[in-house]
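For reference, the structure discussed in these notes is given below.
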Amino acid sequence: MSGQRVDAKVVMLGKEYVGKTSLVERYVHNRFLVGPYQNTIGAAFVAKVMSVGGRTVTLGIWDTAGSERYEAMSRIYYRGARAAIVCYDLTDSSSFERAKFWVTELQNFEENCRIYLCGTKSDLLEEDRKKRGIDFHDVQDYADEIKAELFETSSKTGQSVDQLFQKVAEDYVQLMAFQVMTEDEGVDLSQKHSTYFYSCCHH
Amino acid sequence: MAADIHKKKGWEGPNGSLVPADGQPTERSESPTPGLAQGMEPGAGQEGAMFVHTRSYEDLTSPEDGDVASRSPEKGRGYQADQTSMEQISKDFSELSTQLMGMALDLEEEMRPSQEDKMDLSLQTARRDSARSEKEDEDVTMEAWRMHQKHVFVLSEAGKPVYSRYGSEEALSSTMGVMMGLVSFLEVEKNAIRSIHADGYKVVFVRRSPLVLVAMARTRQSEQEIAHELLYIYYQILSLLTWTQLNHIFQQKQNYDLRRLLAGSERITDNLLDLMARDPSFLMGAARCLPMAAGLRDAVSTCLQQAKAKSLVFSILLSRNQLVSLVRRKDQFLHPIDLHLLFNLISSSSSFREGEAWTPICLPKFNSSGFFHAHISYLEQDMDLCLLLVSTDHEDFFTVSDCKRRFQERLRKRGMSHALQEALRTPFYSVSQVGIPDLRHFIYKSKSSGLFTSPEIEAPYVSEEEKQRLLELYQYLHSRAHNSSRPLKNIYFTGPSENLLAWVTSAFELYVCYSLLGTKAAAVSAVNKLMKWIRREEDRLFILTPQTY
Ligand SMILES: Nc1nc2c(ncn2[C@@H]2O[C@H](COP(=O)(O)OP(=O)(O)OP(=O)(O)O)[C@@H](O)[C@H]2O)c(=O)[nH]1
Ligand SMILES: [Mg+2]
């Protein structure tokens, strides 16, 4: 069937209002919508095809709602994710605490999910340095501790947004290559490969 | 048909306004209910209905949970305060507020309508929008309160604010205290409805444990109708949390702050209140269909029906709160209230325009204890056509998403996208098509299908205010027709700016608005013509052949 194939599941997590939807919007449609804030309801899925070193990779991105109402159900959205972009608002320290919550959650339930910490709305810091809510070095230390990549992005200006998703895709391709290699040697280090199909099943 | 509308006296309230005051002489038809048997009326489905059969208000107040025993039998009982008890309440209220807010409030004083009875509605709307989006707090003085037609509050039984239509709940928490005191003062039993009337105002309380819903209204709605709206708000909250979760939370912690869980949903509730003030669907307890050729609708429905999956319960195609098609699982019926909540959810957020949403949703009238998962997406970027697929399995996203793709592919293959687009271009029809000169507007509901039809509201109802006034007239007729103690089958009403007619039978409800030029006899005979027209057009205006998977 002509269903679209998704290679890697990527989930956006973070407190409400930190800018997850805006980040996806910038990356997928290269635009920043001004206008009143529209909180996400449940979660939204969008697939994005990109190329990494001549290979095409389809990211299936889950943009989840930050509202606590959906917390109990969050597992259905991040289960089997290859990558999690855990967002916090650079100007809001409480959102960083919430990011830590998600990191712990992932460490407990999704060992094989790579974590990317993403400080959002960096354009606001350019306007006024004093707006930074959490010390950069503290965040960096934390990222090192949990072995996460750290990005600071702005969906408004587009700063570092493509780089973030490009890195996610590259890491995925690299990991797959590594897995294929180890499988050839007869050692399977990988977990069950979670590939989703839009249409019917494969295997 | 005409013979059933008996000669009745038109009645005009003081100042030409419609005051649904009790004890006024009213018109009642002595004649037996006529004509059309249920299921044979125009708009009745040929192969059964899509919806749970409803009796609008009565159905809304029926229990949605297993807790029947604790329900009070006296639903909808109004608390009509006579002069002495009003004074007593007023006194106690004043004492209560002194106690809680450190200042005395005179109930009668506070209930008095402000000088400016009419206000600029558009201005009001703009302001409330910015208040919500900018998270600005409105100044909660009694003065500001008065500017609005209706206030709605939701609080927990412990008196914690949950929702407020205007201003932040925070700023209103002291007011909530007064409300709460008043609730306990009135000894509103579990699941009961009470109301206080004070000149120009109605305060209606609906208690649905663990929540208390309060409305203060200056509209001409009856307390039944106001309670009806409050119940919709209650169901809206259930649709986000489920009845089970809501009760569990408050059993664990009586003074839980529910706003934490409802954060971000204020917009949905605001939208519901706005929608109820202008969309007759809620009043009718029915759904309106997008007018389109029967052949096209059937073909679209077939495509939708074929794009099925095991976990799907309902597939719904809609355009701006109008139904295009609905396919359901055999033996599963959707309740109009649940459908309205879905319509409201979709119209309240532009976030569904991008990608594919996958969200838990409780349909409280269907099952208030669990979540369905809804797949929500627009078919094309600039087309106002939204597809809603309701699934029982939250793991089934990709299967359900594939149903959408298959549906779209079928539409494309059969070349129907274009025809659909054409139909969307004329989402309303003009009342002039009926060919009755004095006819301005009407609402016709087929009871067995749970569907209604209504033309576009045209001149002289141009301004928002005029449109709302027309809806209020219908509300008034509706409340007279459905008055629990004295229901009326036929009403002819002569107002200062229009004449209205209502006709309610076991098969249908018809509300008609005429210009002042016509006579009553002409109005009555026009009903015949109108009914014939609806019959002729029924396959365009209704879904006559609903499909199942
Ligand atoms: N200045 C600036 N504002 C941003 C940026 N990203 C998002 N915003 C604003 O922050 C608000 C929230 O953005 P969303 O993307 O809707 O937030 P979210 O994380 O998806 O929120 P939920 O869906 O409720 O979880 C919006 O008003 C955006 O316009 C950014 O990079 N710079
Ligand atoms: Mg969002």
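Tabulated data for the structure shown
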| quantity | calculated |
| --- | --- |
| Given (1) within 16 Å of ligand 1 (Cβ to nearest atom); (2) open to solvent by 20 Å² or more (accessible area, probe 1.4 Å); (3) not hydroxyl-bearing (Ser, Thr, Tyr), index of the condition B:His248 fails | (1) |
| Residue, nearest to A:Ala72 (Cα to Cα), within segment A:94-125, restricted to residues that are free of Cβ contacts under 8 Å to residues at least 24 places away in the same chain and surrounded by 12 or more Cβ atoms within 10 Å (Cβ to Cβ) | A:Phe101 |
| Residue match in segment B:219-233 (condition: within 20 Å of A:Ser67 (Cα to Cα) and open to solvent by less than 30 Å² (accessible area, probe 1.4 Å)) | yes |
| Restricting segment A:52-65 to residues that are open to solvent by 20 Å² or more (accessible area, probe 1.4 Å) and in contact (Cβ under 8 Å) with a residue 12 or more places away in the chain, the residue that is farthest from the other protein chains (Cβ to nearest Cβ) | A:Gly53 |
| Residue that is in contact with a Leu (Cβ under 6 Å, 6 or more places away or on another chain) and within 16 Å of ligand 2 (Cβ to nearest atom), where the choices are A:Ser67, A:Ser155, A:Ser95 | A:Ser155 |
| Considering residues of segment A:23-43 that are open to solvent by less than 60 Å² (accessible area, probe 1.4 Å) and more than 11 Å from every other protein chain (Cβ to nearest Cβ) only, the residue farthest from A:Ser154 (Cα to Cα) | A:Tyr27 |
| Filter result (open to solvent by 10 Å² or more (accessible area, probe 1.4 Å) and either away from chain A (no Cβ under 14 Å) or part of a loop (DSSP other than H, G, I, E, B) (or both)) within segment B:255-275 | B:Asn255, B:Tyr256, B:Asp257, B:Ala263, B:Gly264, B:Leu273, B:Asp274 |
| Qualifying residue in segment B:340-356 (condition: touching a strand residue (DSSP E or B) at 6+ places or on another chain (Cβ under 8 Å), part of a strand (DSSP E or B) and within 14 Å of chain A (Cβ to nearest Cβ)) | yes |
| Test result for B:Asp402, surrounded by fewer than 19 Cβ atoms within 10 Å (Cβ to Cβ), farther than 30 Å from B:Val512 by Cβ and of a type outside the set (Val, Ile, Thr) | no |
| Every residue from segment B:405-421 that is more than 10 Å from chain A (Cβ to nearest Cβ) and either touching a residue at least 12 places away in the same chain (Cβ under 8 Å) or small (Gly, Ala, Ser) (or both) | B:Phe407, B:Gln408, B:Arg410, B:Leu411, B:Arg414, B:Gly415, B:Met416, B:Ser417, B:Ala419, B:Leu420, B:Gln421 |
| Top-ranked residue in segment A:1-22 [being charged (D, E, K, R) and within 9 Å of ligand 2 (Cβ to nearest atom); ranked as farthest from the other protein chains (Cβ to nearest Cβ)] | A:Lys20 |
| Failed criterion for A:Gly53 (all others in (1) on the phi > 0 side of the Ramachandran plot; (2) within 14 Å of ligand 2 (Cβ to nearest atom) hold) | (2) |
| Flag if A:Glu68 is within 9 Å of ligand 1 (Cβ to nearest atom) and within 14 Å of another protein chain (Cβ to nearest Cβ) | no |
| Checking B:Asp384 against (1) open to solvent by 60 Å² or more (accessible area, probe 1.4 Å); (2) touching a residue at least 24 places away in the same chain (Cβ under 8 Å); (3) away from chain A (no Cβ under 13 Å), the condition it does not meet | (1) |
| Segment A:5-22 residues that are at pLDDT 95 or above and open to solvent by 20 Å² or more (accessible area, probe 1.4 Å), paired with ones that are of a type in the set (Asp, Glu) and near ligand 2 (Cβ under 8 Å from one of its atoms) (beta carbon under 9 Å, 6 or more apart) | A:Thr21/A:Asp63 |
| Within segment B:507-523, considering residues that are touching a residue at least 24 places away in the same chain (Cβ under 8 Å) and in a loop (DSSP other than H, G, I, E, B), the one most open to solvent (accessible area, probe 1.4 Å) | B:Leu517 |
| Selection count where residues are touching a residue at least 60 places away in the same chain (Cβ under 8 Å), at the interface with chain A (Cβ under 10 Å from one of its Cβ atoms) and either closer than 30 Å to B:Lys447 by Cβ or buried (at least 24 other Cβ atoms within 10 Å of the Cβ) (or both), scope segment B:357-378 | 1 |
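Listed here are the residues, each with its yes/no results for (1) closer than 30 Å to B:Ala526 by Cβ; (2) in contact with an Asp or Glu (Cβ under 8 Å, 6 or more places away or on another chain); (3) surrounded by fewer than 21 Cβ atoms within 10 Å (Cβ to Cβ).
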position	(1), (2), (3)
B:Asp396	no, no, yes
B:Phe407	no, no, no
B:Gly415	no, no, yes
B:Arg425	yes, no, yes
B:Phe428	yes, yes, yes
B:Val431	yes, yes, yes
B:Val434	yes, no, yes
B:Pro437	yes, no, yes
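This table checks each residue for (1) away from ligand 1 (no atom under 12 Å from the Cβ); (2) touching a Phe, Trp or Tyr at 6+ places or on another chain (Cβ under 6 Å); (3) not polar (S, T, N, Q).
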position: A:Val6; (1), (2), (3): yes, yes, yes
position: A:Val10; (1), (2), (3): yes, no, yes
position: A:Glu16; (1), (2), (3): no, no, yes
position: A:Thr21; (1), (2), (3): no, no, no
position: A:Val28; (1), (2), (3): yes, no, yes
position: A:Leu33; (1), (2), (3): no, no, yes
position: A:Thr40; (1), (2), (3): no, no, no
position: A:Ala43; (1), (2), (3): no, yes, yes
position: A:Met50; (1), (2), (3): yes, no, yes
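The values are calculated or read from the model by the stated rules, or taken from the named source; none is laboratory data. Being a predicted model, the structure only gives us computed values, none of them experimental. Neighbour counts run over all protein chains shown; Cβ positions are idealised from the backbone, glycine included. When the accessible area is computed, the model is the full protein with side chains, heavy atoms only, and any ligands, DNA or RNA have been set aside. Shrake-Rupley method; radii C 1.70, N 1.55, O 1.52, S 1.80 Å.
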